[in-house]
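Read through the structure below, which is laid out as structure tokens, and then see the notes.
The values are calculated or read from the model by the stated rules, or taken from the named source; none is laboratory data. Not measured: the values here are computed from a predicted model. All Cβ positions, even for glycine, are placed from backbone atoms using ideal geometry, and neighbour counts span all protein chains on display. These accessible areas exclude ligands, DNA and RNA; they are computed on the full protein's heavy atoms, side chains included. Shrake-Rupley method; radii C 1.70, N 1.55, O 1.52, S 1.80 Å.
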Amino acid sequence: MEDFRIGQGYDVHALAPQLPLWLGGIRIDSPVGCIAHSDGDVAIHALCDALLGALALGDIGHHFPDNSDEFKGIDSKILLARVLGLVRERGWQPVNVDITIALQRPKLAPHIAGMRACLAGILGISEDRVSVKATTTEKLGFVGRGEGCEVWAVALLGK
């Protein structure tokens, strides 16, 4: 590959009881889930923004508005596949991605491998090119109080 682009993404969602918790493309057993127009997969949303940002294509809200019925309740894996299509249409491919999820609970360590496998499959890259890390905020701030989840993502594209 002769040319590279890097993009950074960030997303946050509030949490509420009795909603499903989707992170990195997998459903995680939890008493709370993300409040969102789509399925609320905040990790995939941040990753979409990183991929779009690498090519200066705007953000996820520009491509999939949260006031559109077309995207109400949509599986975020579909959004990621569509973003990947935009990336590939322009001749680029993901080289690697790195995602950090901040969530006080539930503990995500048992789910990291599943998230990596799911995302690698969608992106068409090997699992060793997909990093997913989880952290708490030591009970500080809205994440620490269990009110929300925030995610940072970085994507490197090559041509």
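So the values come out like this:
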item: Within the accessible area of segment 104-152 (1.4 Å probe), percent carbon and sulfur; result: 55
item: Sequence-distant residues sharing a close amide H with residue 30 (under 5 Å, placed H); result: 21
item: Environment charge of residue 146, counting only residues whose C-beta is closer than 12 Å and scoring Lys/Arg +1, Asp/Glu -1; result: +2
item: Residues of the chain: accessible area per residue with a 1.4 Å probe, Å²; result: 48
item: For a label point 7 Å along the Cα-to-beta-carbon line of residue 59, residues of segment 1-17 with backbone N under 19 Å; result: 6-15
item: For the chain: relative contact order, % (alpha-carbon pairs under 8 angstrom, 6 or more apart); result: 34
item: Lys, Arg +1 and Asp, Glu -1 on Cβ, resulting dipole of the chain about Cα centre, debye, nearest 20; result: 320
item: Computed lengthening from residue 139 to residue 4, 0.36 nm per intervening residue step minus Cα-Cα distance; result: 44.8 nm
item: Alpha carbon Rg of segment 50-123, scaled by the compact-globule rule 2.2 N^0.38 Å; result: 1.24
